[in-house]
Amino acid sequence: AKTVLKCYVQVTGMTCASCVANIERNLRREDGIHSILVALMAGKAEVRYNPAVIHPAAIAELIRELGFGATVMENYDEGDGILELVVRGMTCASCVHKIESTLMKTNGVLYCSVALATNKAHIKYDPEIIGPRDVIQTIQDLGFTTSLVKKDRSASHLDHKQEIRQWKRSFIVSLVFCIPVMGLMIYMMVMDSQMSDAHAHHNMSDEEMEALRSSMVLEYQLLPGLSVMNLLSFLLCVPVQMFGGWHFYIQAYKALKHRTANMDVLIVLATSIAFVYSFVILLVAMAEKAKVNPVTFFDTPPMLFVFISLGRWLEHVAKGKTSEALARLISLQATEATIVTLGPGNVLLSEEQVDVELVQRGDIVKVIPGGKFPVDGRVIEGHSMVDESLITGEAMPVTKKPGNTVIAGSINQNGSLLISATHVGADTTLSQIVKLVEEAQTSKAPIQQFADKLSGYFVPSIVAVSVVTLFAWIIIGFVDFEIVEKYFLGYNKSISTAEVIIRFAFQASITVLCIACPCSLGLA
């Protein structure tokens, strides 16, 4: 017997079905080539050849002579079919052994492993020799019931509805509480500028100024050290911190558990520190019954969360749009196929409905008018018009007669066709398109990878900078207190200089964190 080997050649420069036909037609004429199958979308040719006559490099050279780019794909094993089955009726390890040993003895099965605990079988086979139906039949002959592991065709992993809902909710919660906080802030700013104008014009003493300031509604102290403004801000900030920031906290926790720092970590750090610091300083002010209301940062967390959750929400909406296109593509695939058995003279002997995944290469598939082509194939019998607009964009139906190729997912219009399956499962044009779109979605642009890498360094460095700021101001303060006095306006003269310095240093370092946190890098 002549040995027949198989090789795969990567072919570039094919633009349409006529290129495929051209390569196939010319190579079939060559000595030593038994068969050739070219997949347009995948850009690869599967060639079966006689090693005594021809070798893969020569085959690639032949394709090159036709004007295409061709390279032999070394150690390429994607040609192997992979089958996932659910096997019922196994009771013990000997059942597992029986199935495995029987399958391994079967010609064409390359690898097989059966798990008793999960009732799953994982089988690798050579689609040239054997197909999924044969494997299932073999297992059933041993007395077990088997079925395919159902693939999720709805493409639910591409669905961003839940994330969209989650971020929308997060955004709305933050927004509801952020608007009043911003209102209070703006009101305070306006009042402050009016006060300073009055101060400039009327030469009031500082004590009068303080009296005037504390007479304002928002600065009114409910308890010593606790103003209406700070209480309101605190009450508005808590729900945002709890509900608006919930997802950020989870994400940040996960990131820290894996010893990485992402944007979520920064956001959580900045908001939590701002919140805790403000809360502590309020308690301190109440404890020392301060006359002047402390400067708090309760306005930071709500505003940060608003911007970032809005960003995340929009991002998921955009992702959902592209995924929708992909889900539509996936839904174009037929789910079942009618396989027929032909007798001599192309007489129909029998036909059966099977799952698309069970169609094997070389099967004869019948497609009725109005039906979808389940796999790529070549017409054997029948004449019809076929609507291939979903793949080629060609609005007019294309005539198909024996010898023409058909594409999975296109729609048969008026005549019944018998086709011989050439590309099945993951090799069909439609599956390849889906795979390309999926890969395009999952792969990152180089600039994006660079940004991710940067933000990995960005977070620790920002934290470092804010710590440096903290210590720098503490040192400056103890060396030359006047500098701090110049920048830290309106501090209470009654508290010790050490405390003033530490408070100011804290304010400075938190400011660094809060400003760096919604940095354009992260938002972008």
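The values are calculated or read from the model by the stated rules, or taken from the named source; none is laboratory data. Just so it is clear, the model here is predicted, and its values are computed rather than measured. Glycine gets a Cβ as well: all are built from the backbone with ideal geometry, and neighbour counts include every protein chain shown. These area figures cover heavy atoms from the full protein model, side chains too; ligands, DNA and RNA do not enter into them. Shrake-Rupley method; radii C 1.70, N 1.55, O 1.52, S 1.80 Å.
All but one of (1) crowded, with 18+ Cβ neighbours inside 10 Å; (2) in contact with a helix residue (DSSP H, G or I) (Cβ under 7 Å, 6 or more places away or on another chain); (3) among the charged types (D, E, K, R) hold for Arg361, so report the exception by its number.
Evaluating Arg361 over (1) crowded, with 18+ Cβ neighbours inside 10 Å; (2) in contact with a helix residue (DSSP H, G or I) (Cβ under 7 Å, 6 or more places away or on another chain); (3) among the charged types (D, E, K, R) leaves (2) as the failure.
Conditions tested, residue by residue: (1) in contact with a Phe, Trp or Tyr (Cβ under 8 Å, 6 or more places away or on another chain); (2) free of Cβ contacts under 8 Å to residues at least 60 places away in the same chain.
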{"position": "Gln10", "(1), (2)": "no, no"}
{"position": "Ala21", "(1), (2)": "no, no"}
{"position": "Glu24", "(1), (2)": "no, yes"}
{"position": "Leu27", "(1), (2)": "no, yes"}
{"position": "Ser35", "(1), (2)": "no, yes"}
{"position": "Lys44", "(1), (2)": "yes, yes"}
{"position": "Pro56", "(1), (2)": "yes, yes"}
{"position": "Glu65", "(1), (2)": "no, yes"}
{"position": "Gly69", "(1), (2)": "no, yes"}
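Is it true that some residue in the stretch 36-51 is of a type outside the set (Phe, Trp, Tyr), surrounded by fewer than 17 Cβ atoms within 10 Å (Cβ to Cβ), at pLDDT 85 or above and more than 18 Å from Thr422 (Cβ to Cβ)?
yes
Just to be sure I understand, how many residues within the stretch 44-70 are of a type in the set (Gly, Ala, Ser) and assigned to a strand (DSSP E or B)?
3
Can you tell which of Gly43, Gly69, Gly32 is under 31 Å from the mean Cα position of the chain (by Cα), among the small types (Gly, Ala, Ser) and not assigned by the TED database to the domain that holds Ala117?
Of the residues listed, the single one that is under 31 Å from the mean Cα position of the chain (by Cα), among the small types (Gly, Ala, Ser) and not assigned by the TED database to the domain that holds Ala117 is Gly43.
Tally the residues that are within 24 Å of Leu349 (Cα to Cα), in contact with a Lys or Arg (Cβ under 8 Å, 6 or more places away or on another chain) and open to solvent by less than 70 Å² (accessible area, probe 1.4 Å), restricting the search to the stretch 383-403.
Residues flagged as within 24 Å of Leu349 (Cα to Cα), in contact with a Lys or Arg (Cβ under 8 Å, 6 or more places away or on another chain) and open to solvent by less than 70 Å² (accessible area, probe 1.4 Å) within the stretch 383-403 amount to 2.
Does Ile123 satisfy the criteria of being surrounded by 19 or more Cβ atoms within 10 Å (Cβ to Cβ) and over 24 Å from Val356 (Cβ atoms)? Quick ask: steps written out before the conclusion?
Numbers: surrounded by 19 or more Cβ atoms within 10 Å (Cβ to Cβ): yes; over 24 Å from Val356 (Cβ atoms): no.
No; evaluated as a whole, the condition is false for this residue.
Please go through the stretch 131-150 and give me each residue that is more than 16 Å from Glu100 (Cα to Cα) and in a loop (DSSP other than H, G, I, E, B), ordered by number.
The answer is Gly131, Val149, Lys150.
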